[in-house]
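For reference, the structure discussed in these notes is given below.
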Amino acid sequence: MLENNIGSVRNTKALMDKNNISDGVKSVIEALLFATDMPLTIEQAKSVLDNLEPSEIRALIEELKSEYELANRGIRLTEVAGGFQMITAPGLAQFLKKLFKVRHVERLSKPALETLAIIAYKQPVTKVEIESLRNVNVDGVMASLLDKNLIRISGRKKAPGRPYVFGSTRQFLEYFGLKSLEELPKMQDFSSLTPKEEDPVSQTHKEEIAKGAPAPS
């Protein structure tokens with residue numbers, strides 16, 4: 001009986017130690033998420049928590065995510081652009097709008113959206129190919145998108161003159177609140193989608209790109 005009690009105490013202590021370690025690591029991850037203004041990747045977290053495997057780090061982040069949601073906290077964790085980021089709870093948008101009565105959100109112009117959509121759906125694509133689809137010169141628009149880091153030069157095409165080809169960036173995914181390019185909506189299905197509850201700005205961005213995008217090839 002005594003041996004059983006001692007064994008039970010040891011098991012309980014071991015469990016408590018394990019839980020304390022887990023909570024400590026989650027606190028570190030929470031601090032990393034709070035401190036970075038870009039989505040935190042598993043690889044970046046592992047460079048700090050080098051004693052943990054990527055799968056363990058992801059599991060702890062998922063635990064944090066669930067804890068925020070179950071406690072109905074004002075902060076949420078979302079997976080975006082290949083990493084994780086803290087955002088405000090979508091249902092609290094009305095209160096944030098009262099706090100930030102004047103908030104400048106830089107919107108993309110219709111020509112910029114159309115050009116960006118072509119690149120997103122048809123990348124890698126050359127400037128000439130973009131211009132042939134839009135029937136206008138896109139020098140200014142391309143320069144603006146490059147400056148905003150929404151597109152990048154991804155290589156050269158194996159064709160006469162070896163023209164540059166362009167693709168989207170991680171910043172593009174962040175701007176539209178996408179985990180990956182696989183989340184880009186198909187034009188014929190987009191109008192029937194039921195938007196999930198999320199940051200209203202992110203949802204607006206998704207609607208914007210869909211309006212300007214050609215049907216994916």
> Hey, what's the Cα Rg ratio for the stretch 23-90 versus the globular rule of thumb, 2.2 N^0.38 Å?
Replying inline: 1.02
> Counting Lys +1, Arg +1, Asp -1, Glu -1, what net charge surrounds Arg156 among other residues with beta carbon under 15 Å of its beta carbon?
Replying inline: +4
> Sorted by mean Cβ packing within 10 Å, highest first, what order do the peptides 84-95, 114-125 take?
Replying inline: 114-125, 84-95
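Readers should treat all values here as calculations from the given coordinates under stated rules, not as data from a laboratory. Quick caveat: nothing in here was measured; it's all calculated off a predicted structure. As a convention, Cβ positions derive from the backbone with ideal geometry for all residues, glycine included, and neighbour counts pool all protein chains shown.
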